[in-house]
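I'd like to ask some things about the structure below.
The values are calculated or read from the model by the stated rules, or taken from the named source; none is laboratory data. Computed from a predicted model, the values in this text were never measured in an experiment. Cβ atoms come from the backbone with ideal geometry, glycine included; neighbour counts cover every protein chain shown. To get the accessible areas, we keep the full protein, side chains included, count just its heavy atoms, and leave off ligands, DNA and RNA. Shrake-Rupley method; radii C 1.70, N 1.55, O 1.52, S 1.80 Å.
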Amino acid sequence: MARIAAADRRARLAEAALTVAARDGLAATSTRAIVAEADMPLASFHYAVPSRDELLRDVVGLVVAREEEAAGALLGDAADVRGALRDALGGYLALVRRDPGREQAMFELTQYALRTPELADLPAEQYARYHAVATALLEAGADRLGIRWTAPVADLARIVVGITDGVTLAWLADRDDAVAERVLDLAADALAAFAEPTTTGGDR
């Protein structure tokens, strides 16, 4: 194998770890399974990253960064608040359906980190980024639609994350698309109640 920089090797290992975790579960994501997926010798792992737990931190960062990149496309083209919220929630559910193993792996990783002292800070960091993405979406939607939120946007963002987490976990358990869609209808109705028109375009 051609020699590659340690940072590139580490990124490749993180991709491989995510693939293994999504396909086989976190318990199966051993160092040997990761290097086999990455098509690297075992020595390459220890050259690039101190431990498997440290690599799992990279995996969470990788997934969150990709979700941040995809977030802007979730707003859709709806002309009203309720429609925009429903489009965003529906777009998120479509991402879950497209790669359910990845979402299940993320739940496993969060729970594992909560019980691992070396990763104790990771869940809070992970959810802070989720909340930031939801906040940015709510603020972008308000600007585009000419509305203001009547509750603190940071609080509404936490509601959005709570909804998406709950719908994701329930859907992973029962794979009931119809129920998930109905729940998102109700969620969009509830969130839309916190919107009111602005008197001027830039006043929020």
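In Å, what Kirkwood hydrodynamic radius results for the stretch 99-140 from the alpha-carbon pair distances?
Every distinct Cα pair counted, the radius reaches 11.3 Å.
Please check which bits of the stretch 110-126 a label hung off Ala27 would reach, taking the label as a point 7 Å along Cα-to-C-beta and the cut-off as backbone N under 18 Å.
The answer is 110-116, whose backbone nitrogens lie closer than 18 Å to the label point.
If Lys and Arg each add +1 and Asp and Glu each add -1, what is the summed charge of the other residues whose beta carbon sits under 13 Å from the beta carbon of Ala27? Don't skip to the end; give the middle numbers.
Working: positive: Arg23, Arg52; negative: Asp24, Glu108.
Local net charge: 0.
If you don't mind, there's one more thing I want to ask. How large is the direction-averaged shadow of the alpha-carbon convex hull of the stretch 24-96, in nm²?
Numbers: hull surface 25.1 nm².
Seen from a random direction, the Cα hull of the stretch 24-96 projects 6.3 nm² on average.
Tell me the net charge near Leu191. Cut-off is 10 Å between Cβ atoms, Leu191 excluded, with +1 for each Lys or Arg and -1 for each Asp or Glu.
Spelling it out: positives minus negatives among the neighbours equals +1.
Leaving out ligands, DNA and RNA but keeping every protein chain, what accessible area does Phe194 have, in Å² rounded to the nearest 10, with a 1.4 Å probe?
70
Could you check how much of the accessible area of the stretch 1-115 is carbon and sulfur, as a whole percent, using a 1.4 Å probe?
Whole-percent figure for carbon plus sulfur exposure: 52.
Let me ask something else. Would you mind giving the average projected area, over all directions, of the Cα convex hull of the chain in nm² with one decimal? Before the final figure, lay out the partial values.
On the way: hull surface 51.3 nm².
Result: 12.8 nm².
Next up: Scan around Thr198 for amide H atoms under 5 Å from its own, H built in the peptide plane at 1.01 Å from N, and keep only partners 5 or more places away or cross-chain.
So Thr198 has HN proximity to Ile147, Arg148.
Follow-up. Between Ala178 and His46, what is the label-point separation in nm under the 7 Å Cα-to-beta-carbon projection?
5.6
Something else now. Would you kindly state how much longer the chain becomes between Leu114 and Thr199 on full extension, computed as 0.36 nm times their sequence separation minus their alpha carbon distance, in nm to one decimal?
Additional length available on full extension: 26.1 nm.
Something else: Can you give me the accessible area per residue for the chain, using a 1.4 Å probe, in Å²?
I get 50 Å² per residue for this part.
How would the stretch 129-204 be classified by its alpha-carbon gyration tensor: rounded, prolate or oblate, with rounded meaning a/c under 1.5 and the a/b versus b/c comparison settling the rest?
Prolate, because a/c is 1.5 or more and a/b exceeds b/c.
Sorted by accessible area (1.4 Å probe), largest first, how do Arg102, Arg97, Arg144 line up?
Details: Arg102 40, Arg97 80, Arg144 110 Å².
The most accessible residue leads, giving Arg144, Arg97, Arg102.
When only Cα pairs under 8 Å and 6 or more residues apart are kept, what is the percent relative contact order across the chain?
Numbers: 201 pairs, mean separation 44.4, N = 204.
The value is 22 percent.
Tell me, how many Å apart are the Cα centres for the stretch 1-45 and for the stretch 120-191?
Rounded to whole Å, the Cα centres lie 32 Å apart.
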